[in-house]
Amino acid sequence: MSTPIRRQYLELKHRYPDTILFFRLGDFYETFDDDAKIAADELQITLTSKPMGKDLRVPLAGVPYHSIDGHVAKLVARGYRVAICEQMADPAEVKGIVPRDVVRVVTAGTVTADASLDPLAPNELAAFVTRRDGAAAAFADVTTGEVRLVTGEECQAELLRAAPAELLLEADEEAPPGVSAALRRRPPLSDLAVDAELARQFGEHARGTVAPGAAEAAALAHVLCYLRETYAAALGALQRVRHLASSAYLTVDQRTLRNLDVLPQPGHTSSLFDVLNLGRSAMGGRMLRAWLTRPQRDREELGARHDAVAWATAQPLEREQCQALLRTMPDIGRLTGKVGARSAGPRDLHGLRTGLRATLDLGAILARCELPALLHGALTGLGAAAEALLTLDAALDDDPPANFDEGGVIRPGFSPAIDSLRAMTRDARGYLLAIERTERERTGIKTLKVGHNRVFGYYIEVTASNAHLVPPDYQRRQTLVGAERYVTEELKEHESRLVGARDRLVELERQAFAQLVESLAAGLAALQAVSDGVAVIDLVLGLGQAAAERGYCRPVFTDDGTLRIRGGRHPVVERALGPGRFVPNDCDLDAECQVLLLTGPNMSGKSTFLRQVALIALMAQAGSFVPAESAELPLLDRVFTRIGAQDDLAAGQSTFMVEMVETAQILHQATPESLVVLDEVGRGTSTFDGMAIARAVVEFLHNRKEVAARTLFATHYHELTALADLLPRVKNAHVAVHEEGNEVVFEHRIVPGPSDRSYGVHVARLAGLPPAVVTRAEHLLAEFEASRPGVPAPGNGHVPTQAALFGPSPAEEALRAMDVDGMTPIEAIQKLYELRALVAPAKKRAGAKA
């Protein structure tokens, strides 16, 4: 027979079977059974046992209530879902078992503890569904209340790009390939259920306004339904929904973001995000991430962003003044999310007030300036901070404690009832001292003292030597070594009044604080506008600082599709090298040069050049100035990259099949308004196969009008450079090098024309290959070159023909003619001697040439 608490626990565990259930017992959260074993192992806490019935002991592991957030964060980070069960009444006021219920289920997509969150990145819950009208995905960040919807073909790309922490799928839905989120299978929702869920959150007519399509409505409804089950309070923060139209943005898929090092990655020391993130607040950092992953195609919006950056670049004094305020500003966005979820505590609101006060100071600085449109709109959004700040100042104490245990949360003068109770509790010590003086005079015991402890409450302590002087009305409460403790009716009455006053004070302060949060939540949209305004200002000031300090220029968008960059630089490499050390280069893609074939040695800078052109285009459409002397750019619809694995940009995915799949996707999706960056396509197979594929790809991009993307194509197949004589819009360029004795010096300059050599052996020497290997490679290279009769030596203005390098030699012909299976061992040895004789003349020729 199990105990009532055991039965209560099992009933809750039955309702939440796929979670680790933390069960509140007094000052601890306990786990039982298998949950206890998991918790003990994952959290490195003690596993013990507890009697829960006749002849029944169950495994138990617990943590103190004040450390629950950190333990939950660890479990969620390791893929578990955690249910939090609270006591729903004060145990002192309940006869029998205390009622308990699960108040929240913490999951990867609903975690809100600061320790579990990256301040510079959203933490999103997503849902993906397909319906008769196509596919849709919904994304919700419960920490800020932001919700967005994506439909159609862009769903998968956005799922990969956004990398949500948790993804909801209907039971029969296949997970999009490449998604790394924690997957949750959900039962399908009927149209009626979808309508009801949206109406419950957004109003009766939400289906026609918030999510008119069947797929997007279902995706959003799944997010709402899941939150209602796991963290219903968070629904209060979800008030605005944005629709992302693919035509409004430059599409940059996850592969391109990774290949270009746009966002931070494990194992990489820097990224474009790190270079540009000179903002002072987490809000600005998150907005920078959004701008970089979803660059704009709207000329008017881009003009507004560039106008704002130009202003910030030209106003160093105002920029520094504003950034000084932003540096100390709390994360208003996430604090606002807590207000919407009604989970904000006293210190959260204190932080919000600090941020709002800094926001008004920020607005005062900007109000003195003549601002461009984007910053003027952001400044308008800051105005809503005043009303919220007045509300907070009226009710919240100047320095509130973290909890309500001792009072002091509500400002004096806000509530007469609270002030009265606070005065009573504050004067308790004076009252006790008065009792102590009175009792000393009455009893004549000069050492008598009044004290308090948690077990016995208030008491009068008398030494054993004075016990004979104790009056009859003293009631013995505790005997100590050398002393006795007593109470009197007066002391008990005072204790009762004091305890009641403290409890009442805590209750009234909680009520007043809840009303304060509700009043702030009523203006949630205004607070979110403040957060957005601060983010825009912070981001623009950071981009202005980057442009001013690093010599970035304002890009100009062309109407004829011309891409013309003068003195372009790679922003990440430039910062790593330091000022003045990066070699800038020009790039021209226009009506006469649609495809630029780039040749040159490894390590000479080909890949850096390809990436810098793509990054400059992406930065321009994100709204940033760009690292160049000047930049005329087309408005691109997509940027594609296919980068080789030797650069560790696609580690673990460098097989030839993956290379071909990625190339196929580019060829199917590219348009004349796209930018395609291809680095050494075809190198993952045999020379002739790879060269054939590479040439076919170039011809396809050049000849198909519906594709015809601006293309940068780096290759070691020198034979491809002949395409410049065959295809009118293909041009050659190479990376300049020169030799100093036996050494090769890379100049990192891109110059017209094809390269005449690859200098692979020289690169091998630089990489530290053993001298014996390098020497042997040089000898073999001389033999291969000598075996190509009629081929001019490199460096005389002719392009070497690599196909002849692997032409059949006499030894190879002899090998083909052999019947290996029919040979005896003696015959095989004889053939080896014959083959050696065939190879010997080539060695002699190579030696004579040297």
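Tabulated data
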| item | result |
| --- | --- |
| Two-site FRET efficiency, Ser420 against Thr269, from Cβ-Cβ distance with R₀ of 56 Å, rounded to 0.05 | 0.35 |
| Sparsely packed trypsin sites (Lys or Arg not before Pro) within the stretch 423-454, loop by DSSP, other Cβ within 10 Å at most 12 | Lys446, Arg454 |
| Two-site FRET efficiency, Lys492 against Asp361, from Cβ-Cβ distance with R₀ of 51 Å, rounded to 0.05 | 0.45 |
| Extended-chain gain in nm, criterion 0.36 nm per residue less alpha-carbon gap, Glu441 and Asp41 | 137.8 nm |
| Cβ-derived FRET efficiency at R0 51 Å, Asn453 paired with Asp33, nearest 0.05 | 0.85 |
| All lysines inside 18 Å of Lys606 as judged from Cα atoms, apart from same-chain residues fewer than 8 positions distant | Lys731 |
| Pair Ser247, Glu153: separation of 7 Å Cα→Cβ label points (nm) | 1.4 nm |
| Normalised contact order of the chain, rounded percent, pairs of Cα under 8 Å and 6 or more residues apart | 9 percent |
| Residues of the stretch 119-193: accessible area per residue with a 1.4 Å probe, Å² | 40 Å² |
| Label-point gap, in nm, between Val763 and Asp101 - each point 7 angstrom along Cα→Cβ | 6.7 nm |
| Cross-link partners of Lys13 among aspartates and glutamates (Cα-Cα below 16 Å; sequence separation of 8 or more within a chain) | Glu30, Asp33, Asp34, Asp35, Glu86, Asp101, Glu229 |
| The stretch 427-549, accessible surface, carbon-and-sulfur percent (1.4 angstrom probe) | 51 percent |
| Proximal charge balance of Arg100 [Cβ under 9 Å; K/R count +1, D/E count -1] | -1 |
| Over the stretch 91-169, relative contact order from alpha-carbon pairs under 8 Å, at least 6 apart, % | 29 percent |
| Helical mean residue ellipticity (222 nm; -39500 (n - 2.57) per DSSP H run of 4+; nearest 500) of the chain | -14000 deg cm²/dmol |
| Surface share of carbon and sulfur [accessible, 1.4 angstrom probe, percent] for the stretch 242-346 | 50 percent |
| Rounded tilt (10° steps) of 825-849 against the dominant C-alpha axis of the chain | 80 degrees |
| Accessible area of the stretch 68-211 belonging to carbon and sulfur atoms, whole % at 1.4 Å probe | 51 percent |
| Among beta bridges that DSSP assigns inside the chain, antiparallel share in %, nearest 5 | 60 percent |
| Difference of contour (0.36 nm per residue) and Cα-Cα distance, Glu301 to Glu11 | 98.8 nm |
| Extension gain, Asp69 back to Ser630 (0.36 nm per residue minus Cα-Cα distance, nm) | 196.8 nm |
| Integer Hz, Karplus 6.51/-1.76/1.60 couplings in order for the stretch 584-589, x for Gly and Pro | x, 9, 8, 8, 10, 10 |
| Rounded accessible area of Asp18 (nearest 10 Å², 1.4 Å probe) | 100 Å² |
| Angle between the chain longest axis and helix 316-327 axis [Cα atoms, degrees, rounded to 10] | 50 degrees |
| Accessible solvent surface per residue of the stretch 469-540, calculated while the other protein chains remain in place, 1.4 angstrom probe, Å² | 45 Å² |
| Mean-position separation - Cα centroids, the stretch 323-369 and the stretch 519-563, in angstrom | 18 Å |
| Accessible area expressed per residue, the stretch 239-388, with surrounding protein chains retained (probe 1.4 Å, Å²) | 39 Å² |
| Rounded tilt (10° steps) of 4-15 against the dominant C-alpha axis of the chain | 30 degrees |
| Exposure of Leu769 as accessible area (Å², to 10), given a probe of 1.4 Å and all protein chains | 80 Å² |
| Cα gyration tensor shape for the stretch 29-70, rounded if a/c is under 1.5, else prolate or oblate | prolate |
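The values are calculated or read from the model by the stated rules, or taken from the named source; none is laboratory data. Since this is a predicted model, take the numbers as computed values, not measurements. A quick note on method: Cβ atoms are made from the backbone with ideal geometry, for glycine too, and the neighbour counts reach across all protein chains shown. To get the accessible areas, we keep the full protein, side chains included, count just its heavy atoms, and leave off ligands, DNA and RNA. Shrake-Rupley method; radii C 1.70, N 1.55, O 1.52, S 1.80 Å.
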